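One structure is given here, and the rest of the page talks about it.
The values are calculated or read from the model by the stated rules, or taken from the named source; none is laboratory data. Owing to the predicted nature of the structure, the values given are computational and were not obtained by experimental measurement. With ideal geometry, Cβ positions are generated from the backbone for all residues, glycine too; neighbour counts draw on all protein chains shown.
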């Protein structure tokens, strides 16, 4: 009679294998709602040991501009999907551009995000940097908005151009937001 | 629910190998779990594990990376240094807790 000793079930954390997975996320939007998908996915990827690069371009530049990153806004204009808390109804399109709506919608969104324990954009970028994520700023956007490194969040590694970005993301999975 | 033998004891695990019964864990077992995944435990490692266990007991769910930083006081950077590449999962495994569900 032989006793089979089954191998212990141990999770595979693949320290040695998955070392070459790379993810590049292009953040091109400056509204509060669209700042989050890139940050959440970057954070999740970092937690899985993936090398992550975030590239901020166009309106996404606001996410890393010291003067704007704490004040990203959300407006229901042109966005019919916003959920209102009471009866889960929508915002009537005609009401969306009314004075004060942007402030109200922004405040609502920030509260919903905070209630989930998700940090605000600057803190989130800090966590991403601390976890090893790389932050890059788009050269063309910097030129358009006439800003330089001093105007950018300290965690941004450099202002790079499109070719640099293409080179650095060879073999990477790409996400455009 | 699979059962696996670690340290001479049978423990209940999920399909990936994470412990499913809070009380089946002990610090001895924690050492075995750490060795299984190649983590060398220092006192600092243990501080985080103990925080995770007590936080789980209070909250009913495993703390995320962010909670370990803001509530536990262990900076994210340090978590990545102590438990390289996949800190949240590694810490949960060694602490005998399920993987964190939250996104941040």
Can residue B:96 be described as surrounded by 14 or more Cβ atoms within 10 Å (Cβ to Cβ), at the interface with chain A (Cβ under 7 Å from one of its Cβ atoms), touching a strand residue (DSSP E or B) at 6+ places or on another chain (Cβ under 8 Å) and touching a residue at least 60 places away in the same chain (Cβ under 8 Å)?
no
In a loop (DSSP other than H, G, I, E, B) and out of contact with any strand residue (DSSP E or B) (no Cβ under 7 Å at 6 or more places or on another chain): does that describe residue A:72?
yes
Can you tell me which residue among A:35, A:42, A:24 is crowded, with 16+ Cβ neighbours inside 10 Å, in contact with a strand residue (DSSP E or B) (Cβ under 9 Å, 6 or more places away or on another chain), at pLDDT 95 or above and away from chain B (no Cβ under 14 Å)?
A:24
Looking at the range B:11-80, what helices (runs of 4 or more DSSP H) fall wholly within it and have at least 3 residues that are more than 28 Å from residue A:42 (Cα to Cα)?
B:27-36, B:43-59
Looking at the structure I just gave you, is residue A:88 closer than 30 Å to residue B:78 by Cα and either surrounded by fewer than 18 Cβ atoms within 10 Å (Cβ to Cβ) or in contact with a helix residue (DSSP H, G or I) (Cβ under 9 Å, 6 or more places away or on another chain) (or both)?
no
Verdict on residue B:52 being touching a helix residue (DSSP H, G or I) at 6+ places or on another chain (Cβ under 7 Å), surrounded by 20 or more Cβ atoms within 10 Å (Cβ to Cβ) and away from chain A (no Cβ under 11 Å)
yes
Residue A:156 - would you say it is touching a strand residue (DSSP E or B) at 6+ places or on another chain (Cβ under 6 Å), assigned by TED's automatic domain parsing to the domain that holds residue A:37 and surrounded by 12 or more Cβ atoms within 10 Å (Cβ to Cβ)?
yes
Within the range A:45-62, of all residues that are within 8 Å of another protein chain (Cβ to nearest Cβ) and assigned to a loop (DSSP other than H, G, I, E, B), the one surrounded by the most Cβ atoms within 10 Å (Cβ to Cβ) is A:49
Right, residue B:85: within 7 Å of chain A (Cβ to nearest Cβ), closer than 21 Å to residue A:133 by Cβ and assigned to a loop (DSSP other than H, G, I, E, B) or not?
yes
The conditions are (1) crowded, with 21+ Cβ neighbours inside 10 Å; (2) within 9 Å of chain A (Cβ to nearest Cβ), and residue B:77 fails exactly one of them. Which is it?
(1)
